[in-house]
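Encoded as structure tokens, the structure appears first; notes follow it.
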Amino acid sequence: MGDEGNAQTPRRTTRASLSSTPNPSNSTGKLNLCNQQPLTIDDLAYGDESISFDDLISSLPGRRAQIIELLRILGPLDSPMFPVFVYGGASTGKTSSILQIFKHLKRPFVYCSCVTCYSPRILFESVLNQLLLHRRNESNRYLSVKRCEKPSDFVNLLQEALRNVVDSLKGNVVKSSSKKSMGRTRGEMVYLVFDNLELVREWDKGSNILSFMFKLYDILKMPEVGLIFLSNASPDTYYLDTGYVEPVPVYFPDYTEDELRQILMKNQENPKLYTSFLEVVLRPFCRVTRRVDELSTAFSPLYQIYYEPLDDLGIVPSGDVKRELFSHLQPHIGPSLNDTFRVENRLSSEASGKTNKWKGIAKKMGVSESSDEIDFHMSACAKYLLICAFLASKNPATLDASLFDSTGGFSNGKRKRKSSEKSKEKKETAEQDLLLKGPGTFPLERLLAIFQCIVSVSECLPDDEAQGDGGLEGESWTNGLLSHVLLELSSLCNANFISKGGSCPLEGANRYRSMVSEAMALKVARSLKFPLSKYLYRGG
């Protein structure tokens, strides 16, 4: 549940016990684990007591529409359903919403995250352990109830386990008339929830496993079973060659600033003091990230610095107190913004370090490695559009006329003056400010103008490789087939290479933003032999 944007919900005993590991230093814990009561069919429900609809909505700010949509898809008790595909960015409340909905409905389900279940065998065995009410502990040497590595074996074992669970649920319904059965599971259906599905693509033969999981609905043919997939990636990234029943998509957008304020205000001892703190830090941080987990991590030390001058933490800050607290906090906001913004860059540098290490091993083994090749297919037209979008986001619009002139860039005849120390410092400061602002937005007209300028330059026309790659040829790049260019732009937006935002109130048209890093843009440019660095504005 680490990607969700709300307070962590207590985990069920079954989930904790199934993923528990032995602790040799805690003999008391071992004894208690062995003496636990056997699991029953009621342990497949989430939580001891059901929550009301109002509590469900209030516990997940900003997710009312998504919750109502999911409740509509799940339907009344014992209603068959098509598979559901819940998707959205990290920390947008997907997992928390699903868990709280099942706590509200009190229906039995099995939850598996591909973060902890990081291979097909672990995933298959985790599902079977929960369905067969098996708890791994010292008495069974922490082994699973069934060893399962192949999808074919998993299907046979899963069908048998599901039939047993459904029969138990039907017997449970018969006994549900007594007062003691208020905490029992409801209905005769069982749901399988697979979280972080995008990680399966990184597994060995991950595409085969994904195809198998999407086909489970057709393979099982059991109306008593519901399938729910949760992913950070959109459904378009999972399109496969083989046919299957397409899941019903439910999108979780990023939180707005007001919704983030509601989430961060939960369980605060002094709401008015924390409100004054959020008035200072929330807006600038929202320009960098809207992930609740990252904001909570960044705000925790800042809030401690914010209330340091106060002797009484229960005080209601007045205007003078707010100004004093802001003056005390202000020097720490910039460094914290830098740390938050550079988290992704650090991860990218670690990944590049691993890549360089692998390239060194490949070189020693005599395996050819080309750093200019991208590891996915993209037409030449799409590559040029991606470069143009990156330039439009990176460069100020006022420099387009000087950058994209008839010669294809800056004049190389001018003599460069030697930079002084002061000008270097000014350039570094400008680069840091540009980095903090992030990629800018641009209208469609500007993107097409840059695209036409770039492809019209003779040395940047696509070569034979690009033409054979599905690009446009000759005059059609600049004078024809605008629909083809717009279609490629739509594909880049669907693949999240380019983000399409709302319309500008002044211009009345949609604005776009490049989502690729500079390293990725340079890699695409090298594949086209395009001098991207020649057109980049560095703030000097």
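Heavy-atom accessible area, probed at 1.4 angstrom with all protein chains present, ranks Thr275, Thr398, Thr256, Thr95 as Thr398, Thr256, Thr275, Thr95, highest first. Spatially, region 205-240 and region 100-176 are offset by 17 Å when compared through their Cα centroids.
The values are calculated or read from the model by the stated rules, or taken from the named source; none is laboratory data. Everything numeric in this text was worked out from a predicted model, so none of it was measured. These area figures cover heavy atoms from the full protein model, side chains too; ligands, DNA and RNA do not enter into them. Shrake-Rupley method; radii C 1.70, N 1.55, O 1.52, S 1.80 Å.
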